[in-house]
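Visitor: Right, I'll just put the structure down here and ask away after.
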Amino acid sequence: MAWEAIVTLLTLFSVLAALVVTRVSADLVLMAALAFLLITGILGPADALAGFANPGVITIATLYVVAAGLKETGAVQWIARLLLGHPKTEKGAQLRMLAPTGILSGFMNNTAVVAMFIPAIQDWAQRLGIPSSRLLLPLSYAAILGGTCTLIGTSTNLVVDGMLQARLGVHLGLFELAWVGVPLLLVGGCYLVLVASRILPDRGGMREELEQVREYGVEVEVDAEGPLVGKTVAQAGLRALNYGYLTEIDRGGRLITAVEPDRMLQPGDKLYFVGAPECASELRRIQGLKPAHASIQKLDLANHQRCLVEVVLGQEFTALGKTVRESRFRTRFNAAILSVSREGSRVPGKLGDITFRMGDTLLLEASHQFVEQYRFRRDFLLVSALNDSTPPDFHRAPRALGILLLMVVASATGLLQIIEAAFLAAGAMIVTGCITASRARRSVDLPVLVVISASFALGNAMTETGGAEWVAASLLGLFGPLTPWLALALVYILTAAFTEAITNNAAAVLMFPIALAVSEQLGVHFLPFAVAVMFAASASFITPLGYQTNLMVYGPGRYQFMDYVRLGFPLSLLVGSTAIGLIPFVWGF
């Protein structure tokens, strides 16, 4: 081997070790490797930075905006409410959840699907009396499997397709992967429905922690034109929220304090909830509820500009000793008070009659600029915004779903390439008001894009220095003469092992040149090996670190590492054997 190949392989092993052993973020590790390859002259600037101009990477960045538009409009919650329903059994609930999750993940980034489904599934699980830990990990796995069904379902597919375009001029169709992806989704879904309930434990929910947080009272009103009118409290999902509970209903001045699950909701009902500050954000995501206080509706703020903020009153707050009504708080600060907490407990009584005291904690609806504007004012000892508390604009949900549908149709029919359709869809999301330009910028996950783009430098170095050919020859020599089928299985297993240890996209980029080299040395078609890398890099079920969706459900589901191993290892074997068996029949050697 030339010295360049030796240095490249040492760099590759150093990157793998750093990602597995250290806590240094993946984007820093891979950018350091890119810089090293560039400085040592192993790669020129064009090859080192090729990943930043790859069509697959640009498509991923654009699809982040499309997914953000669906999130801002509450489109996924809207679909979830229509499709989840009220199953009678735990297995029925899992089946109801797996179907829409898998389908949605095929047409939008599966990470975004899981992020939006987690609160909906937690609420749904409590409403059905099912432990959320029995649903959240299957949710992640279903999203991963659903993402393999189309080219845009997961970033890994787009990355590998981008490398196929750049190196070989081959471009996969939007639904070409469905010949293998759909059977994987069906097989994996059946496994999860049959096995998940037996393996996953009941780890409880958030309710046990509510007594340890600041307690607020939040009042909302049933929208007369919304979908909740005529539904019971249980059917509306209001019986058991993650962060609060319904205490009473004010119906035309008549107070209903014992709220039964089968109590029918009527137009104009005022519902009073008690719970953590996140309860207000949770209620905002339920279509058919609106703030009960007129002051909130009078705020001079558009929907996308609003968020929830907590402030602690200081001794220089000028309205100390005055009531909320006397303080003219909304006029002075352009923020509406939702509730007041004192010494960790909600202050009883009508909101307008509460008298301010130093140290009171107020839950506000304000603008995103409120925190920066008042962080250093002496009126408040502390100013803190709640994460992801902007209320969805449900009126634009059909519009966002229409844009997504047009994008899929334009790409599937060949009218536009995926990157072109994604650009038009992202632009349409902004132009039609589904998302603002500023939020579109913030929706792009820059560290993920840097990891993917920088990984291309290592892949290019492996190809240009001959490192990939050496690894391929070593593998074929180590395991003896291999048939194409066994070689395909070996590539799949190595990629899946890398995925569990490092990020899925990095594993795909690093294994792609090795897979091509294996196919060249065997004298067979390259496409089955490239597709095997696609599926293996996505099929991460054994650890919470291999795929981002697995990590996202780790905390909400209160999982332990071995939960992933017990449920995910058999699923990995099942999915892997199915994929290895089907890929040669679809694309051929």
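The values are calculated or read from the model by the stated rules, or taken from the named source; none is laboratory data. Owing to the predicted nature of the structure, the values given are computational and were not obtained by experimental measurement. Cβ atoms come from the backbone with ideal geometry, glycine included; neighbour counts cover every protein chain shown. Only protein heavy atoms, including side chains, enter the accessible area calculation; ligands, DNA and RNA are left aside. Shrake-Rupley method; radii C 1.70, N 1.55, O 1.52, S 1.80 Å.
Visitor: Helix-only estimate, please: 222 nm mean residue ellipticity of the chain, summing -39500 (n - 2.57) across DSSP H runs of length 4 or more and dividing by its residues, to the nearest 500.
Guide: -17500 deg cm²/dmol
Visitor: Nearest 10 degrees is fine. How inclined is helix 418-431 to the longest principal axis of the chain, computing both from alpha carbons?
Guide: Tilt of helix 418-431: around 20 degrees.
Visitor: Next question, about the same structure. In Å², what does the accessible area per residue of the chain work out to with a 1.4 Å probe?
Guide: Per residue, the chain has 41 Å² of solvent-accessible surface.
Visitor: Also, I was wondering about something else. Counting only protein heavy atoms and using a 1.4 Å probe, what share of the accessible area of the stretch 4-52 belongs to carbon plus sulfur, as a whole percent?
Guide: 74 percent
Visitor: Mind pulling the angle between the C-alpha long axis of helix 90-105 and the longest principal axis of the chain? Nearest 10 degrees, somewhere in 0 to 90.
Guide: Around 70 degrees separate the two axes.
Visitor: Suppose accessible area is computed on protein heavy atoms with a 1.4 Å probe; arrange 413, 154, 578 from highest to lowest.
Guide: Largest accessible area first, the residues go 413, 578, 154.
Visitor: Could you pull the Rg and Dmax for the stretch 123-190, using just the Cα atoms, both in Å?
Guide: In order Rg, Dmax, the Cα atoms of the stretch 123-190 give 15.9, 53 Å.
Visitor: Another question, if that's okay. Just reorder 179, 78, 470 by solvent-accessible area, largest first, 1.4 Å probe, all chains present.
Guide: 179, 470, 78
Visitor: Considering only protein heavy atoms and a 1.4 Å probe, what is the carbon-and-sulfur percentage of the accessible area of the stretch 354-419?
Guide: 54 percent
Visitor: Taking only the Cα atoms of the stretch 489-566, how large is their convex hull per residue, in Å³?
Guide: Hull volume over Cα atoms, normalised by residue count, gives 72 Å³.
Visitor: Using 0.36 nm per residue of separation minus the Cα-Cα distance, give me the extension gain between residue 14 and residue 409 in nm, one decimal.
Guide: Length gained between residue 14 and residue 409: 137.8 nm.
Visitor: With respect to the cross-link table entries 88/290; 71/350; 290/350; 88/231; 91/270; 270/322, which display a Cα-Cα separation exceeding 28 Å?
Guide: Long pairs (Cα-Cα over 28 Å): 88/290; 71/350; 91/270.
Visitor: Right, something else. What number do you get for the chain when its Cα radius of gyration is normalised by 2.2 N^0.38 Å, N = residues?
Guide: Scaled against compact globular proteins, the figure is 1.06.
Visitor: Can you give the longest run of the chain that contains no GluC sites (Glu not before Pro) sitting in a DSSP loop with at most 14 other Cβ atoms inside 10 Å?
Guide: 344-589
Visitor: If I compute solvent accessible area with a 1.4 Å probe over the protein chains, what percent of it on the stretch 447-548 is carbon and sulfur?
Guide: 74 percent
Visitor: Given a Förster radius of 56 Å and the C-beta distance between residue 420 and residue 372 as r, what FRET efficiency does 1/(1 + (r/R0)^6) yield to the nearest 0.05?
Guide: Given R0 = 56 Å and the Cβ-Cβ separation, E is 0.90.
Visitor: In addition: Cα centroids of the stretch 132-157 and the stretch 377-439: how far apart, whole angstrom?
Guide: Computed from Cα coordinates, the inter-centre distance equals 21 Å.
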